[in-house]
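Take a look at the structure set out below.
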Amino acid sequence: MTEIEQRIRAAQNPVALTGAGISAPSGIPTFQGAWKGRPIRSFLSREYFETHRIEFFELYIEMVSWCQKQPNPAHLALAEWGLPIITQNIDGLHHKAGSRKIYELHGSLRTLSCPKCGKVIEARPFAEDLKEAYAVRDYRAVGEKLRCSCSGLWETDVVLYGDAVRHMEEAYELSAHADLMLVVGSSLTTYPAAALPDVARRHGAEVILVNDDCVGHLTGQGD
Ligand SMILES: [Zn+2]
């Protein structure tokens, strides 16, 4: 048992806060790079989404395919320990690892929703279907596939720049009631998530930061 696991098992209300670093050993990109010569983040704003849906979803289907990866032993360890998880990641790997209580602050690439009728669909088959229409540049078909059967426009469940972060109330509550917070693979540079360890500390919790070699520190195995 690693020292971290011992401390987690001894805690009454442990919680984990995770960021991109936990998913790097699984091969998930950080989305800091460029696509079609422009920074990926410039595509991920609410304004861009509302005005360039066809271009947005061309990148979206790529992102869905980049995230078809498996959880690594660090995700699996957090699931095995039964920790509630607050995550900045959108890759869905905590779900695949079997964690039950997961708060995805930045939403998720796993699903899309229709704001008009409330239907939720899986991103992967949607992306595969859409990919064929983009491949033959059939933008009329793309436009049709971007609509739900009720005629509403599919909305990504990823939180875009300009959108409110999700689940902050629950994340704040968990942090305030934790006696131990394990921060894994987050450089804590993005607010409001970055403020949560301070909330935990102010309420008396111990905060453990694991930023390099997440797998090694959590499981004792090298990654
Ligand atoms: Zn609908």
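Below is a table of values for the structure above.
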| read-out | value |
| --- | --- |
| Residue in region 92-122 that is nearest to the chain's Cα centre (by Cα), counting only those that are surrounded by fewer than 16 Cβ atoms within 10 Å (Cβ to Cβ) and part of a strand (DSSP E or B) | E122 |
| Top-ranked residue of region 139-181 - restricted to ones that are of a type in the set (D, E, K, R) and part of a helix (DSSP H, G or I), ranked as farthest from the ligand (Cβ to nearest atom) | E173 |
| One residue from V199, V184 being in contact with a Leu (Cβ under 8 Å, 6 or more places away or on another chain), surrounded by 15 or more Cβ atoms within 10 Å (Cβ to Cβ) and of a type in the set (A, V, I, L, M) | V184 |
| In region 123-138, residue nearest to the ligand (Cβ to nearest atom) [restricted to those that are charged (D, E, K, R) and under 24 Å from the mean Cα position of the chain (by Cα)] | D129 |
| Those helices (runs of 4 or more DSSP H) lying entirely in region 1-63 with at least 1 residues surrounded by 13 or more Cβ atoms within 10 Å (Cβ to Cβ) and under 15 Å from the mean Cα position of the chain (by Cα) | 20-23, 40-43 |
| Criterion: within 16 Å of the ligand (Cβ to nearest atom) and either touching a Ser or Thr at 6+ places or on another chain (Cβ under 7 Å) or among the polar types (S, T, N, Q) (or both) - qualifying residue of S99, S108, S113 | S113 |
| Complete set of residues in region 136-164 that are touching a Gly at 6+ places or on another chain (Cβ under 9 Å) and among the aliphatic types (A, V, I, L, M) | V158, V159, L160 |
| Hits in region 57-82 - residues which are aromatic (F, W, Y) and free of Cβ contacts under 8 Å to residues at least 60 places away in the same chain | W66 |
| Verdict on S186 being polar (S, T, N, Q), at pLDDT 95 or above and part of a loop (DSSP other than H, G, I, E, B) | no |
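The values are calculated or read from the model by the stated rules, or taken from the named source; none is laboratory data. Predicted model, so just to flag it, every value in this text is computed and none were measured. Cβ atoms come from the backbone with ideal geometry, glycine included; neighbour counts cover every protein chain shown.
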